[in-house]
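*Asks:* Starting off with a structure, shown below.
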Amino acid sequence: MNPTTRKRLGISLFLVGVAFVASGIFLSMRTSGFERVREWMPDIHVAASEAGVDPYTLAGLVYAESRGKPGAISSIGALGLCQLMPATAAEVAERIKVEGPPYTPKDNLRLGADYLRHMTAYCDGDVDLAILSYRLGPARVRRDVAAAGGQQQWFAEISAVRPSPWGYLEQIKEMRDRFAKADAEERAAQAPDENQSPEE
């Protein structure tokens with residue numbers, strides 16, 4: 001093989017390598033946290049409907065907690081898509097008659113949805129407070145609200161600093177809107193064109 005051919009072959013192999021790496025980056029972007037959670041949306045809808053919570057809020061929570069990774073384990077031992085502590089998961093599982101542990105990803109969604117429902121009821125329907133209670137625990141939220149002199153004062157305190165639980169709440173609300181928009185766009189794309197003439 002002459003030097004010119006060898007050089008061309010080397011350049012070709014280099015370009016193939018670059019293309020391979022680029023395709024890997026593209027695929028990893030396609031399987032971002034948003035896309036992973038979107039893959040769970042049918043099961044999220046089922047779990048949310050069963051618990052009576054908004055599916056897009058639940059999807060936002062799954063994004064914030066695990067980025068859609070069913071095998072996620074936190075540094076403190078929270079597990080699964082909804083990142084429930086084992087004791088909390090066992091308590092909710094007993095309440096809604098889910099067998100385990102271990103829990104399947106679908107069951108983890110059911111447990112997380114019911115725990116969010118429970119926190120919402122505990123917080124008299126205040127979803128923002130329920131989300132913060134889901135993250136921090138209801139006892140801590142109750143103490144922090146009392147120490148701040150009320151819920152609005154506590155919200156003002158935690159929204160003024162970063163990082164804080166407020167960022168977690170904002171992320172869930174932002175992702176809730178993104179998931180709702182993506183679902184709406186998907187439904188619109190699948191709907192038949194009303195202006196199209198029916199086939200004879």
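The values are calculated or read from the model by the stated rules, or taken from the named source; none is laboratory data. Since the structure is predicted, the reported quantities are computational estimates derived from the model, not experimental observations. Cβ coordinates were reconstructed from backbone atoms using ideal geometry, including for glycine residues, and neighbour counts include every protein chain displayed.
*Asks:* Looking at segment 115-157, which of the residues that are of a type in the set (V, I, T) and free of Cβ contacts under 8 Å to residues at least 24 places away in the same chain is farthest from G68 (Cα to Cα)?
*Replies:* My answer is V145.
*Asks:* Can you name every residue in segment 95-114 that is basic (K, R) and in contact (Cβ under 8 Å) with a residue 24 or more places away in the chain?
*Replies:* Once the filter is applied, which keeps residues that are basic (K, R) and in contact (Cβ under 8 Å) with a residue 24 or more places away in the chain, segment 95-114 yields K106, R110.
*Asks:* Still on this structure, I have one more. Counting just the residues of segment 127-148 that are of a type in the set (A, V, I, L, M) and under 11 Å from L169 (Cβ atoms), which one comes out nearest to the chain's Cα centre (by Cα)?
*Replies:* I131
*Asks:* Right, next: Exactly one of these conditions fails for R117: (1) of a type in the set (K, R); (2) surrounded by fewer than 19 Cβ atoms within 10 Å (Cβ to Cβ); (3) modelled with pLDDT of 95 or more. Give me its number.
*Replies:* That leaves (2) as the condition not met.
*Asks:* If you don't mind, another one. Scan (1) outside any loop (DSSP other than H, G, I, E, B); (2) farther than 30 Å from A182 by Cα for the single condition P101 breaks and write down its number.
*Replies:* Result: P101 passes all but (1).
*Asks:* Oh, and also: Step by step: first the residues of segment 71-94, then only those that are without any contact (Cβ under 8 Å) to a residue 24 or more places away in the chain, surrounded by fewer than 22 Cβ atoms within 10 Å (Cβ to Cβ) and in contact with a helix residue (DSSP H, G or I) (Cβ under 7 Å, 6 or more places away or on another chain), then the one that is nearest to W40 (Cα to Cα). Which residue is that?
*Replies:* Going through the qualifying residues, I end up with A72.
*Asks:* All but one of (1) over 16 Å from Y134 (Cα atoms); (2) more than 16 Å from the chain's Cα centre (by Cα) hold for V92; state the number of the condition that does not hold.
*Replies:* Among (1) over 16 Å from Y134 (Cα atoms); (2) more than 16 Å from the chain's Cα centre (by Cα), V92 violates only (1).
*Asks:* With (1) at pLDDT 95 or above; (2) under 25 Å from M85 (Cα atoms) as the list, and P165 as the residue in question, which single condition is left unmet?
*Replies:* Just one mismatch for P165, condition (1).
*Asks:* Moving on. Take P70 and decide whether it is over 24 Å from E170 (Cβ atoms) and within 11 Å of the chain's Cα centre (by Cα).
*Replies:* Criteria met by P70.
*Asks:* Return the total of residues in segment 122-163 being part of a loop (DSSP other than H, G, I, E, B) and exposed (fewer than 15 other Cβ atoms within 10 Å of the Cβ).
*Replies:* Here the count works out to 10.
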